[in-house]
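Since the structure comes first, as structure tokens, the remarks are kept for the end.
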Amino acid sequence: MIKLYDGGAYLVDGKTIVPDNADAAKEIQALTGKTISKEQASENTMAYGILKNHNTSGSMDKLKIRFDAMASHDITYVGIIQTARASGLEKFPMPYVLTNCHNSLCAVGGTINEDDHLFGLSCAKKYGGIYVPAHQAVIHQYMREMMSGTGKMILGSDSHTRYGALGTMAMGEGGPELVKQLLNKTYDIDRPQVIGVYLTGKPEKGVGPQDVALAIIGAVFDNGYVKNKVMEFVGDGIANLSVDYRNGIDVMTTETTCLSSVWRTDDSVKEWYEIHGRPADYKEQNPGEITYYDGMIYVDLSTIKPMIAMPFHPSNIYTIEELNANLYDILDEVEKTGAKQLDNDTIKFSLKDKVKNGRLTVEQGVIAGCAGGTYENICDAADIIRGNSIGADEFALSVYPSSQPVFLSLVENGRIADIMMSGATVRSAFCGPCFGAGDVPANNCLSIRHSTRNFPNREGSKITSGQIASVALMDARSIAATAINKGVITAATDIDVDFTKPKYFFNGDVYKNRCYNGYGKADSSVELKFGPNITDWPAMSPLTEDIVLKVVSLITDPVTTTDELIPSGETSSYRSNPLKLAEFALSRKDPAYVGRAKEVQKAEKARLAGEDPVAALDELKSVNDTIKTQFADFDINKTGIGSTIYAVKPGDGSAREQAASCQKVLGGWANIAGEYATKRYRSNLINWGMLPFILDGETPFENGDYIFVPAIKDAIKDKKTEIPAYIVKDGKLVPFTLKMGDITDDERKIILAGCLINFYAEK
């Protein structure tokens, strides 16, 4: 059972939940003999204490956070360091870990992936960083093992930066937020609300962390219950979960759209730090005697069943039991909603054809990454698989341990041999299956994965090439149960198995023998190694007094993911080259977008070169003439001319800043949205100098329409929240209103400057 409280709630002595109602004070008085204000009680969350210890502003309402450490992988660190270099970087001011777990394969572009790795190593030497070579560890497992600490804060340029189960408050953000930290600036946010997650009971045998996580995601995603808030895990049920199990739940909190997470710690966490040779990084961490939460999620672990998240979102959940009992009805519904998400008449998305003898059958299973590839997940999966065969037909299973130390312990205890003997394959630490750079299924196939996401084409298929495959998320245990049934979906609770739970032995020598630790040892004499694909950011102009925007993509899907804004998979290799990568923007959602945006960009390039923008783009003549009918002083030669996209709710998913920067590189000046799915996507827009407009109600414009926003520069300076705008169409100016949410003073300056790089160059 999962229950969401309608309002806030108090937690007394970490055990008793008191709903925030008229009787709350009386009930708290009876339990504790004390009275306390809501404001005082809200300061007793673990999150408040951690934020206070890292805040530099002097105000707990307007936070300016400095982090203890940071992490990036090889899709993001090149752009981050290049941006920081252009803004005055001298050395890394904190431990900054550069892992190489995304572009580990030279699948696209010849040498460019390994060129990026050499660049990363040279940066670690020059600026004093930590470098983790390819196949040593996935980013989040390394950070858990080597960099976490109770009460610490870690910032990562990957959305699944979550180490809350270890007492660490970690956040995933776009690259520019890491740039700010590298330049000794701060992460500026309003104090977030904190939602309690009260765990009680003990999971049934065979129920794994992914099952618990999916159940929670299903309960809170659609209603936005934890959006941009901190999830704080408490309750007696935590003691019934191993630390690996807690990590498995915690890493999936990203899919709820929360800002971060933190858990109470205990002797199990203490032992975990001791095993990893870092006992000093452990502290006991609990909420106060009387703690107020802005909401409460009550989870009875004993009621959680093996789950499956059907395509195309982690919140599209069913119990496996429910799926099997209502198979055709559920598959029919998933096919209908999936077809709407894919929005492609030439592609037929089907699942009912995978039903054989009344059971859903899949062609592939994958256990991998920061969510699935942990020691305990793989041990439990091996116990199920041991002595069985996955068969010699279409079904295949691959397992990716999350780090070399985990891999080594699994080799030493024999679990790797058990998996290999079944016919499954074991690979090295790699995030590829999570974002479409490894184990891409065949056309029309369904893959079950213990990984983080199952968005459309996330597994690597290309709709524009006539391909469709899909992913359902499951726990490693049920994937193993399915594997021994030759691909027939099976819950682990239906398998008779004894989980042996072998002790984990961490051997840090694996890292000592291979990883470069240069923190505090920056050597400015080191020359950076630039491969031919690594390029600087193109020049970006500051915001003009007025702007003219052409709508070049209008997306009406309920949610637009960052994968749809800039695809993952093979495009990842080009993320060191802004111009090359931009060619892929919206390629799987709106293939005509790039051409439309570049056509508009011709006018802006001409304007910046001192040439006539109307001559570069004929359709601007009527736009110019129409605007002048009401704004006689309008001068198109002094006006920024660019593109914009509209989406109902853009930015769900990855933290990758390229979802915004690719639009900027193609001449984008703004996004218009009903709302933004995540804070990090909106921050990415701002950091790349793009206006994050909000539009209430129906769109008054169509794709291809021009929008004129007069006096936008003054509106940003004057902190206006409602901004007059006009649709320029058929010789008329049709007025409507755009809105601007809260923006910090520095964010205003960044927008005015044109991007973060310009902002720091000006300073």
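The values are calculated or read from the model by the stated rules, or taken from the named source; none is laboratory data. Computed from a predicted model, the values in this text were never measured in an experiment. All Cβ positions, glycine included, derive from the backbone under ideal geometry; neighbour counts span all protein chains shown.
For this structure, a couple of remarks:
- G414 falls short on exactly one of the conditions (1) at negative phi; (2) surrounded by fewer than 16 Cβ atoms within 10 Å (Cβ to Cβ), and that condition is (1).
- Restricting segment 169-196 to residues that are touching a Gly at 6+ places or on another chain (Cβ under 6 Å) and of a type outside the set (A, V, I, L, M, F, W, C), the residue that is surrounded by the fewest Cβ atoms within 10 Å (Cβ to Cβ): G172
- Test: P405 is touching a Leu at 6+ places or on another chain (Cβ under 8 Å), buried (at least 24 other Cβ atoms within 10 Å of the Cβ) and under 24 Å from A134 (Cα atoms): no
- Residue under evaluation N533, criteria (1) surrounded by 18 or more Cβ atoms within 10 Å (Cβ to Cβ); (2) in contact with a strand residue (DSSP E or B) (Cβ under 9 Å, 6 or more places away or on another chain), criterion not met: (2)
- Matching residues in segment 514-562 - criterion: being charged (D, E, K, R) and either closer than 30 Å to K628 by Cβ or outside any loop (DSSP other than H, G, I, E, B) (or both): E545, D546, K550
- Of the numbered criteria (1) over 24 Å from V600 (Cβ atoms); (2) touching a residue at least 24 places away in the same chain (Cβ under 8 Å), the one L738 fails is (1).
- The condition (being in a helix (DSSP H, G or I), surrounded by 24 or more Cβ atoms within 10 Å (Cβ to Cβ) and touching a helix residue (DSSP H, G or I) at 6+ places or on another chain (Cβ under 9 Å)) is satisfied by just one residue among D250, D158, D244: D250.
- If the condition is being hydrophobic (A, V, I, L, M, F, W, C) and modelled with pLDDT of 90 or more, then segment 535-558 contributes M540, L543, I547, V548, L549, V551, V552, L554, I555.
- Considering residues of segment 107-118 that are in contact with a helix residue (DSSP H, G or I) (Cβ under 6 Å, 6 or more places away or on another chain) and not in a loop (DSSP other than H, G, I, E, B) only, the residue modelled with the lowest pLDDT: I112
- Taken together, T500, T544, T556, T562 contain a single residue that is closer than 30 Å to L691 by Cβ, surrounded by fewer than 16 Cβ atoms within 10 Å (Cβ to Cβ) and out of contact with any His (no Cβ under 7 Å at 6 or more places or on another chain), which is T556.
- F349 meets all of the listed conditions (1) in contact (Cβ under 8 Å) with a residue 24 or more places away in the chain; (2) outside any loop (DSSP other than H, G, I, E, B); (3) hydrophobic (A, V, I, L, M, F, W, C); (4) touching a strand residue (DSSP E or B) at 6+ places or on another chain (Cβ under 9 Å) but one, namely (2).
- Cross-chain or 6+ apart pairs with Cβ under 6 Å, segment 228-240 first and touching a residue at least 60 places away in the same chain (Cβ under 8 Å), then of a type in the set (K, R) and not in a helix (DSSP H, G or I): V234/R264; N240/K202
- Condition met for I672 (in contact (Cβ under 8 Å) with a residue 12 or more places away in the chain, under 25 Å from P578 (Cβ atoms) and surrounded by fewer than 20 Cβ atoms within 10 Å (Cβ to Cβ)): no
- When segment 669-688 is filtered for residues that are within 12 Å of the chain's Cα centre (by Cα), aliphatic (A, V, I, L, M) and in a helix (DSSP H, G or I), nothing remains.
- Considering segment 1-106, the qualifying helices (runs of 4 or more DSSP H), each wholly inside and each with 3 or more residues that are crowded, with 19+ Cβ neighbours inside 10 Å, run over 46-54, 77-86.
- First in segment 404-421 and free of Cβ contacts under 8 Å to residues at least 40 places away in the same chain, second anywhere and among the β-branched types (V, I, T) and not in a helix (DSSP H, G or I), Cβ under 7 Å, 6 or more apart: I416/V426; M420/V426
- Residue within segment 519-528 that is touching a strand residue (DSSP E or B) at 6+ places or on another chain (Cβ under 7 Å), of a type in the set (G, A, S) and at positive phi present: no
- Pairs with Cβ under 7 Å, 6+ apart, first in segment 153-168 and within 14 Å of D68 (Cα to Cα), second of a type in the set (K, R) and not in a strand (DSSP E or B): Y163/R144; G167/K283; T168/K152
- Among the residues of segment 655-667, those identified as within 21 Å of N703 (Cα to Cα) and not in a helix (DSSP H, G or I) are L666, G667.
- Counted residues, segment 631-654 - those being of a type in the set (D, E, K, R) and either part of a strand (DSSP E or B) or buried (at least 20 other Cβ atoms within 10 Å of the Cβ) (or both): 1
- Flag if A219 is surrounded by fewer than 24 Cβ atoms within 10 Å (Cβ to Cβ) and in a helix (DSSP H, G or I): yes
- Positions within segment 107-124 being over 20 Å from C431 (Cα atoms) and surrounded by fewer than 20 Cβ atoms within 10 Å (Cβ to Cβ), in sequence order: S122
- Selection within segment 374-396 - without any contact (Cβ under 8 Å) to a residue 60 or more places away in the chain and out of contact with any Asp or Glu (no Cβ under 7 Å at 6 or more places or on another chain): G387, A392, A396
- Residue selected from segment 592-624 under the condition charged (D, E, K, R) and over 38 Å from the mean Cα position of the chain (by Cα), by the criterion surrounded by the fewest Cβ atoms within 10 Å (Cβ to Cβ): D618
- Those strands (runs of 3 or more DSSP E) lying entirely in segment 289-334 with at least 3 residues over 19 Å from T482 (Cα atoms) and in contact (Cβ under 8 Å) with a residue 24 or more places away in the chain: 290-293, 295-300
- Residue within segment 707-717 that is modelled with pLDDT of 95 or more, in a loop (DSSP other than H, G, I, E, B) and either within 29 Å of the chain's Cα centre (by Cα) or surrounded by fewer than 24 Cβ atoms within 10 Å (Cβ to Cβ) (or both) present: yes
- Within the set A603, A615, A582, A597, the sole residue that is in contact (Cβ under 8 Å) with a residue 60 or more places away in the chain, hydrophobic (A, V, I, L, M, F, W, C) and either touching a His at 6+ places or on another chain (Cβ under 6 Å) or over 30 Å from P311 (Cα atoms) (or both) turns out to be A597.
- Criterion violated by V510 - all others in (1) over 30 Å from P95 (Cα atoms); (2) in contact with a Leu (Cβ under 9 Å, 6 or more places away or on another chain); (3) outside any strand (DSSP E or B); (4) aliphatic (A, V, I, L, M) satisfied: (1)
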